[in-house]
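Here the structure comes first, spelled out in structure tokens, and everything after it is commentary.
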Amino acid sequence: MPGTLNSFNAAAGAPGSPYLAVLSFLAKGTGNFVINDTNFPGLGKYLPGLVQIASGTAANVKTQISTDNGTTWKDTAAAAPGMVYADAAGVTGIGQGVSTSASVRIVISTGATDIFLFPLRT
């Protein structure tokens, strides 16, 4: 049976918040970054799970999803990222999200921007 979450308007990453942490990656350069611990160190212990994505410059960033483990990618509807389920498939257990399998990625296309990841309690 799932536990209950007591949320008291706590800041992200603080006790009582539905967001377990705030992971900041400042001035991340252009490129395609699968959402895993290799590209975003510290995220692995929260995977698999829901991750809220925010950016310093929304116009520079989009998310893409693959249905064939990274061979082809589909753009999400929004230019600015949002909530995604990052599965890190291929790992041997929960909290070991260092897999290089590709199902969700962040694309930074125009110029370096800050990326903020908020892992969510699931």
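Observations on the model:
- Sorting 49-62, 26-39 by average packing, meaning the other beta carbons within 10 Å per residue, from highest down gives 49-62, 26-39.
- Of all aspartates and glutamates in the structure, those lying under 14 Å Cα to Cα from Lys62, and not within fewer than 8 positions of it along the same chain, are Asp75, Asp114.
- Distance-filtered residues of the range 104-121 - backbone nitrogen under 16 Å, label point 7 angstrom along Ala59 Cα→Cβ: 108-114
The numbers here are math on the coordinates, done by the rules we state, and not lab data. For clarity, every value in this text was computed on a predicted model and none was experimentally measured. As a convention, Cβ positions derive from the backbone with ideal geometry for all residues, glycine included, and neighbour counts pool all protein chains shown.
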